[in-house]
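Read through the structure below, which is laid out as structure tokens, and then see the notes.
Coordinate-derived values only; no laboratory data. Model, not experiment: these values are computed from the prediction. When we count neighbours, we look across all protein chains shown, and the Cβ atoms used for this are built from the backbone with ideal geometry, even at glycine.
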């Protein structure tokens, strides 16, 4: 049976067919849908973790118990999971363990575009990289087998185009006959005290050599000879681009991108007149090929930053004189698409908060989530954003170098899921060291940015079962914060009053805004028939309502000599009433 699957769906299917029993992840674009699809297979115990480190450690525990397990995350999540990953390379596995990482070239939804292949080399673990959905499924199955064969975790690298693109997948059956999980004591292998680790390290180095030799003969790496004037080494989605743009060149398609098959590369290079490497982001393969003493062209023509595409590769090879420059098609135009800057949803409970922070002239240390859009105009109310959980730590550090009159301006903004991800430790530090900053936790009851996944404060698990619900106010108090208050962010006056009072408090304090994400289904957030409208006769054209940047509010220009008027799109309005509270002329009211 064949189906059309996305790469993420195919990875989940591959884990199912491989006999995976446990899968854990933290949601992050472009990896999120892997676990959401793994959850549809009853044979896989799939669950969200508070962060990526915990997700990998859950998978490690299942592996030590003898079961095949998987952890999934986006590229920056590997930074969080790096601590257990590096030690796992030394301990090895019980049941096969696969760490799936989805990179995000071009930073479609990320704060950087780090190349996760470097982690494979750094941690000395093998990495596979599929080029389509079928390979996503097959490589996932092979990764589990490779993990057990070489006693190592195996990383599987995807990227945005592979994760979200769709292609045909041949479905298979779930493997049977795997050993049943059981406890086996082996502290010399699994307890990484220095004495044990010193014994394990040489085994890791020897394993890397064996894996490289395995790559020389493995079906994961494939040579395709065509005309031999040009040879291209490529991997993942770049293989598809090369085949489209340069259909006649010879290719060495690498399915295992670390360790590299040195002998196979040398043999391929000897067969072609000129060798190229086409890869996204870092010259990861290129540098290693050069280290083998092989002449190669790569980043001299291939962009170092951003996502590749057939067009970019065509331009690169045209610059090298390999292909003719592309000419414009007859009738083609250069019309640019209208810009569509990212924006918070209509009715987003965060919008009014950032409006107030801007008005208060706060210095906002921000974090990762929908609310990062508070940086965008017209709100213009975020001044830093580094990584998950950094807002509170950054705020704690900034206030220590400022005079008292400036300390009151510091407000650290973080969402509920991000707070539970890595903000708890930061708030603990702030309370411990008595940093006089204000923390604003935007609790919208869900992990909204990645598609509304559950988190420990939402009260539900991945499969929708009721679960213990973390009380964020009680947690803040337990960490040592004496002043914790909750407000409704749709009540601008109450929110402003809370911010003013806490920003002037000479000790750490927390304000929690409590309104559910407006996209959560089944939430009874508003009154029936709550849409708002603008009384065109009462509207003075002052544009105060435009200062919150709500997509539901449009501006209607007027004939020359007259003022324009605001208009609220009834198809977008959720009735949050934030704009109503801004209008000083009572021109906004409930729709009849």
Query raised in the report: Given a cut-off of 47 Å, what percent of all Cα-Cα pairs of the chain lie beyond it?
Result: 24 percent
Report summary line: Each label sits 7 Å from Cα toward the beta-carbon; between residue 521 and residue 206 the label points are separated, in nm, by 5.5 nm
Query raised in the report: With a ≥ b ≥ c the root eigenvalues of the C-alpha gyration tensor of segment 351-514, is it rounded (a/c under 1.5), prolate (a/b larger than b/c) or oblate?
Result: prolate
Report summary line: Ranked on Cβ counts within 10 Å of their own Cβ, fewest leading, 572, 85 go 572, 85
Query raised in the report: Working out 0.36 nm times the residue gap between residue 192 and residue 173, then minus their Cα-Cα distance, what length gain in nm do you get to one decimal?
Result: 3.1 nm
Report summary line: Everything considered on the Cα gyration tensor (a ≥ b ≥ c; rounded for a/c under 1.5, else prolate if a/b is larger than b/c, else oblate), segment 464-511 must be described as oblate
Requested in this report: Can you tell me how much longer the chain between residue 271 and residue 563 gets when fully stretched, taken as 0.36 nm per residue apart minus their C-alpha distance, in nm with one decimal?
Outcome: 97.8 nm
Requested in this report: Evaluate E = 1/(1 + (r/R0)^6) for residue 304 and residue 494, where r is the Cβ-Cβ distance and R0 equals 41 Å; express this FRET efficiency to the nearest 0.05.
Outcome: 0.25
Query raised in the report: Which ordering of 214, 26, 119, 258 is given by a fewest-first count of other beta-carbon atoms within 10 Å?
Result: 214, 119, 258, 26
Query - Estimated inter-spin distance, residue 225 and residue 122, nm [label 7 Å along Cα→Cβ] - result: 4.0 nm
Report summary line: Relative to the compact-globule estimate 2.2 N^0.38 Å (N residues), the Cα gyration radius of segment 221-319 stands at a ratio of 0.95
Query raised in the report: Order of 98, 184, 289 from fewest to most other C-beta atoms within 10 Å?
Result: 184, 289, 98
**Report entry** Spin-label model distance (nm) - residue 185 vs residue 478, 7 Å beyond Cα toward Cβ
**Finding:** 3.3 nm
Query raised in the report: Which whole-number percent is the relative contact order of the chain (Cα, under 8 Å, 6+ apart)?
Result: 10 percent
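Would you work out if segment 1-58 is rounded, prolate or oblate? Take a ≥ b ≥ c from the square roots of the eigenvalues of the alpha-carbon gyration tensor; rounded if a/c is under 1.5, else prolate when a/b is larger than b/c, oblate otherwise.
oblate
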Report summary line: Extend 7 Å from the Cα of residue 540 along its Cα-to-C-beta direction; within segment 557-592, residues with backbone N under 20 Å of that point are 557-559, 561-568, 578-590
Query - the chain - mean residue ellipticity at 222 nm from DSSP helices (-39,500 (n - 2.57) per run, n ≥ 4, rounded to 500) - result: -10000 deg cm²/dmol
